[in-house]
Each structure stands twice: as structure tokens, then as C-alpha cells.
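For reference, the structure discussed in these notes is given below.
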Amino acid sequence: MNFRTTLCAIGWLVAGLVLASCGSEQPAATPSATTPTAVAGADKLAPCPATPSKPPVGDGMPDVSLPCLGGGPDIRLADLRGPLVVNVWAQWCGPCRDEAPYLAKLAKSGKVRMLGIDYADPRPELAVRFATDEGLAYPHLVDQDKAIQSPLKVGGPPLTAFVNQDGVVVFVHRGVLTSQQQLDQLVKDKLGVTP
């Protein structure tokens, strides 16, 4: 074997060792930046309550589970019963900011249960800030992977779903809520509750 062949063989050996050392070892698990409970300030949000398991209903919320943006367990949407207002939002959504005061005021009335879903949001820390700054004092879930997109026909946020006591989605408002009167009227007409 000549010097050149030996040098080439050593080069291939070194390259093989370098590639082998990069392959199969997994780094130690660290909290993901997208893990809701790892987000700074998430502990200031309303925790998600445990919900008893119930059979899905026809025309009800989709049978998917989503993690809580604040503390608390994942929530299986099909378990939810009303009267309930579910608002799909994202911190990057301008119209979501416009309608937030109406949702905050409805939540303060205590007449219906409220649930937010932070949708397709790449910045959970900004989502937490948005919810706290806007006074959205009710539980929020995270749907980063758009699991509700197809079943609720979400074109994008905002979207507000009205769920009756039997768990049926009786109405879906697509787009921004433009006034407190509009939201209160929808709650009255669709859920039979006067805020």
C-alpha cells in the first residue's frame, strides 16, 4: 500500500467515525419551547378543569384532545357540554384582538362557560401574554397542529362556536365579532342564555 492509498484510507476511516458519532444518540429530553406549561406566565392563566369522559354526540365538538395553555390536563373536546362558547384565536390575528374585550366581558358575566383555543400559533409566549393582557380569564387550549381545522371547518381565526347543554355545536360564527351586542345576542339566540 502506498502513502497516498494509506492517507485516503485514514481519511475515510475518520469520516466514518465522525458520521457514526452524529447518528443514533438522542440528546437528553428538554422541555420544548412549544410545551404550554413551559411558557413563562402560563401559570397566570385559568387552569383547564378535568372533564368527565362522555360519549361523542352527533354534531358535537370534534373527538380530539388538546393541551392546556395554562395549567391543567389536556381536554377532549368531545367531552364538552354547554352552555359553552368556544373561541378560536391566535395572538398574531388582528381581528382576534378586536373582539377580545367582548369575550372578556361575557366571561365575567358568568352566565356561560368559556373556552379559548390558541390556533396555529408559533409563539406560545406571545399567546400567553395576549390572553393575560386582554383579560381572557377562562381556560385556553393549544391547537398548534390544526387538529380542529377539518371538523370545525376553520379557515382561520377568529371563529366562535356555540355548544348547547347536550354537547351539540348549534352555531359557528366565522370571522370577527363586531360588538358586545352581537355576541350577547348570539348567546341568547343560540344558547338560550341572557348574559
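For the subset of region 166-181 comprising residues that are touching a helix residue (DSSP H, G or I) at 6+ places or on another chain (Cβ under 8 Å) and not aliphatic (A, V, I, L, M), which member is nearest to residue 104 (Cα to Cα)?
180
Does region 66-89 hold any residues that are of a type in the set (A, V, I, L, M) and surrounded by fewer than 22 Cβ atoms within 10 Å (Cβ to Cβ), and which are they? Step through it out loud before you land on a result.
To start, the set of residues in region 66-89 that are of a type in the set (A, V, I, L, M) comprises 66, 69, 75, 77-78, 80, 84-86, 88.
Correct list: 78, 80, 84.
Starting from region 34-51, take each residue that is at pLDDT 85 or above and list its partners that are in a helix (DSSP H, G or I) and open to solvent by 80 Å² or more (accessible area, probe 1.4 Å), counting only C-beta distances under 9 angstrom and pairs at least six apart or across chains.
Filtered contacts from region 34-51: 43/37.
So the check is Cβ under 6 Å with 6+ separation or different chains; which pairs have a first residue in region 135-161 that's among the acidic types (Asp, Glu) and a second one that's at pLDDT 95 or above and buried (at least 16 other Cβ atoms within 10 Å of the Cβ)?
143/66; 143/117; 143/119
Of these, 57, 64, which one is over 11 Å from the mean Cα position of the chain (by Cα), β-branched (Val, Ile, Thr) and at pLDDT 95 or above?
Just a single option satisfies the conditions, and that option is 64.
Is there a residue being under 22 Å from residue 59 (Cβ atoms) and among the polar types (S, T, N, Q) anywhere in region 171-178?
Among the residues of region 171-178, not one is under 22 Å from residue 59 (Cβ atoms) and among the polar types (S, T, N, Q), which makes the answer no.
The values are calculated or read from the model by the stated rules, or taken from the named source; none is laboratory data. Just so it is clear, the model here is predicted, and its values are computed rather than measured. Note that each Cβ is placed from the backbone with ideal geometry, even for glycine, and that neighbours are counted across all protein chains shown. These area figures cover heavy atoms from the full protein model, side chains too; ligands, DNA and RNA do not enter into them. Shrake-Rupley method; radii C 1.70, N 1.55, O 1.52, S 1.80 Å.
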